[in-house]
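The values are calculated or read from the model by the stated rules, or taken from the named source; none is laboratory data. These numbers come from a predicted model, not from an experiment. All Cβ positions, even for glycine, are placed from backbone atoms using ideal geometry, and neighbour counts span all protein chains on display.
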Amino acid sequence: MEYFLDMDEQFSKEENAQYVLLPIPYDATSTFQKGADKGPQAIIDASDSIELYDVNTETEAYTAGIYTDKYLYDFSSPEAMAESVYKRVSHFLQRGKSIGVLGGEHSVSIGAIRAVSEKFENLSVLQIDAHADLRESYHGSKSNHACVMRRAQEVANVVQVGIRSICTEEMDAVVEENLFYAHKIRHDKDWMQKVMNRLDDNVYLTIDLDGLDPSVLPATGTPLPGGLFWYDLIDLLELLFQTKKVVAFDVVELCPLPDSKASDALAAVLTYKIISWMEKYRK
């Protein structure tokens with residue numbers, strides 16, 4: 001399928017669309033298992049099964065227009081990829097579009113976050129993830145998927161949710177008040193409000209799908225037990241959109257399974273729900 005939701009042309013053309021989805025099929029720095037480069041197309045294909053009326057927001061956000069970009073990025077190196085994503089996201093931001101990135105591995109977020117940080121002041125990045133991704137460099141690159149949040153910290157306030165894997169090196173970059181470990185929030189009934197309290201007015205939302213428990217979403221490159229469940233995530237996002245302004249987002253690290261489309265469908269539904277919330281609170 002060519003366009004997200006496979007909509008009529010009037011809702012999927014660039015000139016008519018408020019929302020732009022940027023599929024970035026990049027998977028060069030993944031270290032456990034490959035396949036995230038198939039993620040963007042799997043999300044687009046699975047979106048054909050989605051009803052256009054969203055029950056959480058009671059809206060039909062597709063009427064605002066959703067354009068699925070077809071740009072060819074420079075994948076010659078992690079740094080070249082990040083720079084080309086930065087330029088493409090900046091291009092659409094300058095035209096007043098609302099941006100969603102479909103990965104691909106998590107390193108695709110580096111250029112997008114940088115571009116958004118130049119457009120919006122008082123920006124926080126809300127990271128949903130199993131891993132801290134705070135290494136300064138990994139496998140010879142500062143644009144590796146393990147360095148995403150370290151790069152984000154250079155341009156924004158970073159708040160991390162669902163973390164259950166971190167190395168000693170990364171602890172030096174941790175902001176304790178902004179780190180919400182999965183094993184701790186399960187015992188804290190107020191954890192969602194505490195997350196909101198750490199965020200600035202404008203938020204870039206980055207969702208690494210391994211932030212969800214593998215029983216909910218097994219199709220990801222580096223799954224870890226003990227993650228968020230579906231309604232943990234939905235309740236958090238509902239509160240986020242009610243209290244902050246989400247200015248851009250990404251959904252990354254879908255690694256499709258050949259014999260199951262359930263994870264693909266979840267990622268597609270999640271993408272549309274985020275757009276629906278953005279549209280509901282856009283004005």
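For residues in the range 168-211 being charged (D, E, K, R) and assigned to a helix (DSSP H, G or I), which is farthest from residue 274 (Cα to Cα)? Taking the candidates together, the pick is 169.
Those residues that are out of contact with any strand residue (DSSP E or B) (no Cβ under 6 Å at 6 or more places or on another chain) and either closer than 18 Å to residue 133 by Cβ or surrounded by fewer than 22 Cβ atoms within 10 Å (Cβ to Cβ) (or both), I need them from the range 1-11; list them, please.
Residues satisfying the conditions are 1, 2, 6, 7, 8, 9, 10, 11.
Of 17, 61, all but one fail to be within 19 Å of the chain's Cα centre (by Cα), surrounded by 18 or more Cβ atoms within 10 Å (Cβ to Cβ) and of a type in the set (Gly, Ala, Ser); the exception is 61. When the test is whether a residue is touching a strand residue (DSSP E or B) at 6+ places or on another chain (Cβ under 7 Å), in a helix (DSSP H, G or I) and crowded, with 23+ Cβ neighbours inside 10 Å, residue 116 passes it.
Tell me which residues, restricted to the range 75-89, are polar (S, T, N, Q) and either under 10 Å from residue 143 (Cα atoms) or surrounded by 18 or more Cβ atoms within 10 Å (Cβ to Cβ) (or both). Before the answer, list the steps.
Of the range 75-89, the ones polar (S, T, N, Q) are 76-77, 84.
Of everything in the range 75-89, those that are polar (S, T, N, Q) and either under 10 Å from residue 143 (Cα atoms) or surrounded by 18 or more Cβ atoms within 10 Å (Cβ to Cβ) (or both) turn out to be 77, 84.
When the criteria are applied in full, residue 168 fails the requirement of being closer than 23 Å to residue 262 by Cα, among the polar types (S, T, N, Q) and either at pLDDT 95 or above or out of contact with any strand residue (DSSP E or B) (no Cβ under 6 Å at 6 or more places or on another chain) (or both).
Here residue 88 qualifies as of a type in the set (Lys, Arg) and touching a residue at least 12 places away in the same chain (Cβ under 8 Å). Could you look through the range 214-257, keep only residues that are crowded, with 21+ Cβ neighbours inside 10 Å and among the acidic types (Asp, Glu), and pick out the one that is farthest from the chain's Cα centre (by Cα)? Going through the qualifying residues, I end up with 232.
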